[in-house]
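Peer 1: Sharing a structure, written as structure tokens. Questions coming.
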Amino acid sequence: MRGQSAVEYLLLFSAMLAIFGVVTLGQMINPMQEAGRDTLYLSQARSAADAIAGAVNSVYANGQGATKSVGFSIDQSWSLQLTENMLTISLEISSGTENAESSLRYGFNDNLQNLSTGTYTVIAEWPGDQENTVRDGYKIYIRIKPLKEI
């Protein structure tokens with residue numbers, strides 16, 4: 001009889017240990033998945049900010065008539081802001097709003113808000129007659145028009 005009760009206690013202990021393991025493992029995996037997703041979104045935003053700023057800086061360096069396009073994907077809704085010397089991509093992650101910034105040699109004040117997830121193509125150009133940022137579906141046109149230096 002003693003052997004049977006030992007097996008029952010061992011079985012009961014094993015069941016409790018399995019339940020404890022499942023609950024603990026679930027609580028450990030969810031935060032890691034969330035942190036991994038946030039890292040992916042911030043990495044995509046940083047890459048996009050660098051690519052867009054590089055395209056604008058390249059067009060500015062090459063002069064009027066220059067055009068450059070870049071493509072990138074972002075898996076989280078985002079916003080684009082251009083200022084005099086900074087390009088900022090803002091997005092919401094689990095801990096709040098985060099920004100990815102890249103410096104510009106030429107900038108102007110404009111922004112696009114609430115852009116959806118997806119694969120975008122940004123076309124930076126210097127047409128000579130306008131300065132604006134326009135979204136057309138998954139294409140974003142950034143048109144620059146620097147002042148002529150005297």
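Peer 1: Among the residues of the stretch 116-150, which ones are assigned to a strand (DSSP E or B), surrounded by fewer than 19 Cβ atoms within 10 Å (Cβ to Cβ) and not polar (S, T, N, Q)?
Peer 2: Of everything in the stretch 116-150, those that are assigned to a strand (DSSP E or B), surrounded by fewer than 19 Cβ atoms within 10 Å (Cβ to Cβ) and not polar (S, T, N, Q) turn out to be G118, I123, V134, R135, D136, K139, Y141.
Peer 1: Give just the number: which of (1) outside any loop (DSSP other than H, G, I, E, B); (2) among the polar types (S, T, N, Q); (3) surrounded by 10 or more Cβ atoms within 10 Å (Cβ to Cβ) does Q76 not satisfy?
Peer 2: Checking Q76 against (1) outside any loop (DSSP other than H, G, I, E, B); (2) among the polar types (S, T, N, Q); (3) surrounded by 10 or more Cβ atoms within 10 Å (Cβ to Cβ), the one that fails is (1).
Peer 1: Looking at (1) at pLDDT 90 or above; (2) aromatic (F, W, Y); (3) farther than 30 Å from W126 by Cβ, find the lone condition where W78 falls short.
Peer 2: (3)
Peer 1: Please pick out the residue among A53, A48, A35 that is at pLDDT 80 or above, out of contact with any Leu (no Cβ under 8 Å at 6 or more places or on another chain), under 21 Å from L82 (Cβ atoms) and assigned to a helix (DSSP H, G or I).
Peer 2: A48
Peer 1: While we're here: Right, Q81: polar (S, T, N, Q) and in a loop (DSSP other than H, G, I, E, B) or not?
Peer 2: It is false that Q81 is polar (S, T, N, Q) and in a loop (DSSP other than H, G, I, E, B).
Peer 1: Given the conditions (1) at pLDDT 90 or above; (2) within 17 Å of P146 (Cβ to Cβ), report the number of the one that E84 does not fulfil.
Peer 2: (1)
Each row is one residue, and each column tells you yes or no for (1) among the hydrophobic types (A, V, I, L, M, F, W, C); (2) under 15 Å from S69 (Cα atoms); (3) under 17 Å from the mean Cα position of the chain (by Cα).
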| position | (1), (2), (3) |
| --- | --- |
| D110 | no, no, no |
| L115 | yes, no, yes |
| A124 | yes, yes, no |
| P127 | no, yes, no |
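Peer 1: Okay, moving on. Show the residue pairs meeting these rules: Cβ distance below 6 Å; 6+ apart or different chains; first residue within the stretch 81-97 and within 22 Å of D38 (Cβ to Cβ); second residue surrounded by fewer than 14 Cβ atoms within 10 Å (Cβ to Cβ).
Peer 2: The qualifying pairs are Q81/N111; S90/T97; S94/E34.
The values are calculated or read from the model by the stated rules, or taken from the named source; none is laboratory data. The shown structure was predicted, so the numbers you read here are calculated from the model rather than taken from an experiment. A quick note on method: Cβ atoms are made from the backbone with ideal geometry, for glycine too, and the neighbour counts reach across all protein chains shown.
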